[in-house]
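S.K.: Mind having a look at this structure? Questions to follow.
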Amino acid sequence: MYCVIQEVKLSKPDLKGNSIGIEPYSWSSGDKVYYSYRMSKEVFKRDIKKAYKISIHNSYRENGKVKKKQWVICTIGHYYMIEWGNWIGDCCRLQDKLEAIGITEDELCNLVYEKLDPLTDKIKSEYKQTEEYITTTKYRQIIEEYQASQREFNSKYGEGYNECYNVFNELVNADRLEEIKREYEARKEYEEKSKRYQEEFYRSYYENNKSNYSNSGYYRNNISNYSEEEKKLLKEAFKLLSHKHHPDKGGSTEKMAMINNLKEKIL
């Protein structure tokens, strides 16, 4: 039992060529402009019009005569092998072929790929010398670099890279970039200020109330322990807490009730 791979002529290539490149483009949504890319409609011409028919042959003797049997496995296109590989299971109902021949998948693959792998390597090696491969590799690298830059930018600022840069990582909207940076700094400053006020609030609350618990554990309000400066600081802290946990900002009514209750007890 042995494998035969026969070259078959086609009337046209089995797959269309890749786009000759990428084109930056933009679109608007509301008052924002977004920058991205699309593949060009023009594609590389493919001149090779071949496919490869794979079959298994078996010669045997019956009643003193030599007989032959043949099973066609599949036909794989030239460019299909370049773009998608040479797995025969993608091109036929493999189990049906195995049952018809009466062999295992490993046995069939050993027969087929002993001849198909060298052919595939030769085809791919030749393709890598073409202008289509060189150009396609180049624009795929451009897209990967753009996506990497976008991930890095958005991990810091949250979002907005495609509002400032095109697919070639060229700055096309400097005003929007400065706006994003200002928003980031303001957000960062607010978060740091909120953190400081909360830390000061809890420290001050503890210092002023640690003696306001009786042996029985009941709380006694003692507002006289706060200076005017401390009261002012606490009011600012409550304001920040209310802003952060307000239901309109995604907070909960339970937390707002706790904040208001504490405010009434302390101030």
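The values are calculated or read from the model by the stated rules, or taken from the named source; none is laboratory data. In this text the structure is predicted, and so the values were computed from the model without any measurement. Neighbour counts are summed over all protein chains in view; Cβ atoms, including those assigned to glycine, are modelled from backbone coordinates with ideal geometry. These area figures cover heavy atoms from the full protein model, side chains too; ligands, DNA and RNA do not enter into them. Shrake-Rupley method; radii C 1.70, N 1.55, O 1.52, S 1.80 Å.
S.K.: Taking H placed 1.01 Å from N in the peptide plane, check which residues at least 5 places from HIS246 or on another chain put their amide H under 5 Å from its amide H.
M.R.: Answer set, sorted by chain and number: GLY251.
S.K.: Which Cα, out of ILE143, SER155, ASN169, lies furthest along the positive dipole direction of segment 131-176 (beta carbon charges, K/R +1, D/E -1)?
M.R.: SER155
S.K.: I would also like to ask the following. Using a Gaussian network model on the chain with a 10 Å cutoff between Cα atoms, which of TYR146, TYR190, TYR79 fluctuates the most?
M.R.: TYR190
S.K.: A follow-up question, please. Using R₀ = 30 Å, calculate the FRET efficiency as 1/(1 + (r/R₀)^6) where r is the Cβ-Cβ separation of GLU62 and THR104; round to 0.05.
M.R.: Efficiency, from the Cβ-Cβ distance: 0.80.
S.K.: Enter the accessible area of LYS156 (Å², nearest 10), with the probe set to 1.4 Å and all protein chains included.
M.R.: Result for LYS156: roughly 110 Å² accessible.
S.K.: Compute all pairwise cysteine Cβ distances in the chain, then list the cysteines with no distance under 4.7 Å to another cysteine.
M.R.: CYS3, CYS109, CYS164
S.K.: Quick check: at a probe of 1.4 Å, how many percent of the accessible area of the chain sits on carbon and sulfur atoms?
M.R.: Looking at the chain in its full context, I get 47 percent from C and S.
S.K.: Can you find, among SER40, LEU111, GLN70, the residue sitting farthest towards the positive end of the charge dipole of the chain, where Lys and Arg contribute +1 and Asp and Glu -1 at Cβ?
M.R.: GLN70
S.K.: If you count only protein heavy atoms with a 1.4 Å probe, what accessible area per residue comes out for the chain, rounded to a whole Å²?
M.R.: Numbers: 18120 Å² over 267 residues.
About 68 Å² of surface per residue is accessible.
S.K.: Here are some pairs, LYS53/LYS138; LYS12/LYS97; LYS41/LYS115; LYS156/LYS195; which of them have Cα atoms lying more than 30 Å apart in this structure?
M.R.: As for pairs spanning more than 30 Å Cα to Cα, those are LYS53/LYS138; LYS41/LYS115.
S.K.: Using modelled amide H (1.01 Å from N, peptide plane; none on Pro or chain starts), what sits under 5 Å from the amide H of TYR165, excluding residues fewer than 5 places away?
M.R.: Hits under the 5 Å cutoff: VAL172.
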